[in-house]
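*Asks:* Handing you this structure, nothing more for now.
The values are calculated or read from the model by the stated rules, or taken from the named source; none is laboratory data. Quick caveat: nothing in here was measured; it's all calculated off a predicted structure. FYI the Cβ positions are ideal-geometry reconstructions off the backbone, even for glycines, and counts take in every protein chain you see.
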2 protein chains.
Amino acid sequence: MSNSLSPSPELVDPLDPLIGYHLRRTTVAVTAALADLLQPLGINVGEATLLLFLGANQGCTQSDIGRALRAQPANLVPLINKLALLGVLDKQPGKGRAITLSLTVDGERLHASVSEAFERHESRIGRSIPAERRDEVLALLRQLCRDACHP
Amino acid sequence: MSNSLSPSPELVDPLDPLIGYHLRRTTVAVTAALADLLQPLGINVGEATLLLFLGANQGCTQSDIGRALRAQPANLVPLINKLALLGVLDKQPGKGRAITLSLTVDGERLHASVSEAFERHESRIGRSIPAERRDEVLALLRQLCRDACHP
DNA sequence: TATTGTTATACTCTATAACTATA
DNA sequence: TATAGTTATAGAGTATAACAATA
């Protein structure tokens, strides 16, 4: 098993055998690649994630999103405002203080482009993961996430 | 394959089948768990990572670290200053403008505690990953990271 | 001039506390 | 009073540009 340090052979990398370390490193690289794909669409990864969720859950509320995506409601505010400013998101009063969110026609269009970008991104990821391993990897990540949340 | 949404069954999560999404989510959870383990030691994940690397590469320079850990030299400055302020890191002039970094006696002590924390963390991760899959997962993450860097 | 290190800055993500509005 | 949403703020991670110091 080769160490991933290439340019300075005299250096040792004690982090290299650690799963947690490679999880962080890989996530940074993979997320940056997704950001590059989204850049022409004018939105970042967080906004795109929100848009995808919204497209599948028209009329949901901000707290629905917070629960599903495990995001702090406070952190969703700037994302929602950005999407509203772009004219892709529509707000309607719901019960109580709730506001229901849905996509405008422009929103549906952007949603389609974002979906396509995510699909391209996932298929690029798929090139590094044997197809028959994909579900196993997915299950493993979910398991790891659950366990890390309750240590 | 069950969706990881539990509380609101009427909601759909279109992100759930995506590897990239679970990579991000899991990394956040796993890194937060490591931060909790390090908190009693008074350092964060970045500082601890630097300390581990330093312990294995006494006398290396800041640019060595930047290359090995793929960190921007500018971002290492506050970490190095923090460790120097704690009295765990020693700076000596090197060739050119370079400064060689090494651990003090206190640094070696902290290094031992940090190593132990990382080991506990990795073994907790190991509980979610079958032992016979560990190397495969590691290889997969490295591959994914490499491919994401050159899309 | 090339390398190394530093400063300043900015953007993103995450988190918490404190506040407002509505049933 | 409980729920939903907002504001302000703080900290960590990442990135770039501009600058200083040294061989």
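*Asks:* Can you find a residue that is farther than 30 Å from B:L69 by Cβ, of a type in the set (F, W, Y) and within 22 Å of the chain's Cα centre (by Cα) anywhere in the range A:8-25? Please lay out each step first, then the result.
*Replies:* Going through the range A:8-25, the residues farther than 30 Å from B:L69 by Cβ turn out to be none.
No, the range A:8-25 contains no residue that is farther than 30 Å from B:L69 by Cβ, of a type in the set (F, W, Y) and within 22 Å of the chain's Cα centre (by Cα).
*Asks:* Failed condition for B:Q39, given (1) in contact with a Leu (Cβ under 9 Å, 6 or more places away or on another chain); (2) assigned to a helix (DSSP H, G or I); (3) over 24 Å from A:A33 (Cα atoms), with all others met?
*Replies:* Only one criterion in (1) in contact with a Leu (Cβ under 9 Å, 6 or more places away or on another chain); (2) assigned to a helix (DSSP H, G or I); (3) over 24 Å from A:A33 (Cα atoms) is unmet by B:Q39, namely (1).
*Asks:* Determine which member of the set A:A56, A:A84, A:A68 is aliphatic (A, V, I, L, M), within 11 Å of DNA strand D (Cβ to nearest atom) and either surrounded by fewer than 19 Cβ atoms within 10 Å (Cβ to Cβ) or without any contact (Cβ under 8 Å) to a residue 24 or more places away in the chain (or both).
*Replies:* A:A84
Let's see how each residue does on (1) aromatic (F, W, Y); (2) surrounded by 14 or more Cβ atoms within 10 Å (Cβ to Cβ); (3) at pLDDT below 95:
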residue: B:V88; (1), (2), (3): no, yes, no
residue: B:P93; (1), (2), (3): no, no, yes
residue: B:G96; (1), (2), (3): no, no, yes
residue: B:L101; (1), (2), (3): no, yes, no
residue: B:L110; (1), (2), (3): no, yes, no
residue: B:F118; (1), (2), (3): yes, yes, no
residue: B:S128; (1), (2), (3): no, yes, yes
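*Asks:* Exactly one condition in (1) in contact with a helix residue (DSSP H, G or I) (Cβ under 6 Å, 6 or more places away or on another chain); (2) at pLDDT 95 or above; (3) away from DNA strand D (no atom under 16 Å from the Cβ) is not met by A:L79; state its number.
*Replies:* (3)
*Asks:* Conditions first: (1) surrounded by fewer than 19 Cβ atoms within 10 Å (Cβ to Cβ); (2) under 30 Å from A:N57 (Cβ atoms). B:H22 passes all but one, so which condition is the exception?
*Replies:* (1)
*Asks:* Can you find even one residue in the range B:136-144 that is in contact with a helix residue (DSSP H, G or I) (Cβ under 7 Å, 6 or more places away or on another chain), touching a residue at least 40 places away in the same chain (Cβ under 8 Å) and basic (K, R)?
*Replies:* So far as the range B:136-144 goes, no, none of its residues is in contact with a helix residue (DSSP H, G or I) (Cβ under 7 Å, 6 or more places away or on another chain), touching a residue at least 40 places away in the same chain (Cβ under 8 Å) and basic (K, R).
*Asks:* Tell me whether the range A:118-139 contains one or more residues that are touching a strand residue (DSSP E or B) at 6+ places or on another chain (Cβ under 7 Å), away from every other protein chain (no Cβ under 11 Å), more than 15 Å from DNA strand C (Cβ to nearest atom) and of a type in the set (D, E, K, R). Explain how you work it out, then say what you get.
*Replies:* To start, the set of residues in the range A:118-139 that are touching a strand residue (DSSP E or B) at 6+ places or on another chain (Cβ under 7 Å) comprises none.
No: the range A:118-139 contains no residue that is touching a strand residue (DSSP E or B) at 6+ places or on another chain (Cβ under 7 Å), away from every other protein chain (no Cβ under 11 Å), more than 15 Å from DNA strand C (Cβ to nearest atom) and of a type in the set (D, E, K, R).
*Asks:* Could you tell me which residue of the range B:35-45 is farthest from DNA strand C (Cβ to nearest atom), considering only residues that are at the interface with another protein chain (Cβ under 10 Å from one of its Cβ atoms) and touching a residue at least 12 places away in the same chain (Cβ under 8 Å)? It would help to see each step written out before you state the result.
*Replies:* First, the residues of the range B:35-45 that are at the interface with another protein chain (Cβ under 10 Å from one of its Cβ atoms): B:36-37, B:45.
Within this subset, residues satisfying the condition of being touching a residue at least 12 places away in the same chain (Cβ under 8 Å) are B:37, B:45.
Values: B:L37: 15, B:V45: 13 Å.
Here the answer is B:L37.
*Asks:* Consider B:R97 against the criteria (1) within 16 Å of DNA strand D (Cβ to nearest atom); (2) over 21 Å from A:L11 (Cα atoms): it satisfies all of them except one. Which criterion is unmet?
*Replies:* (2)
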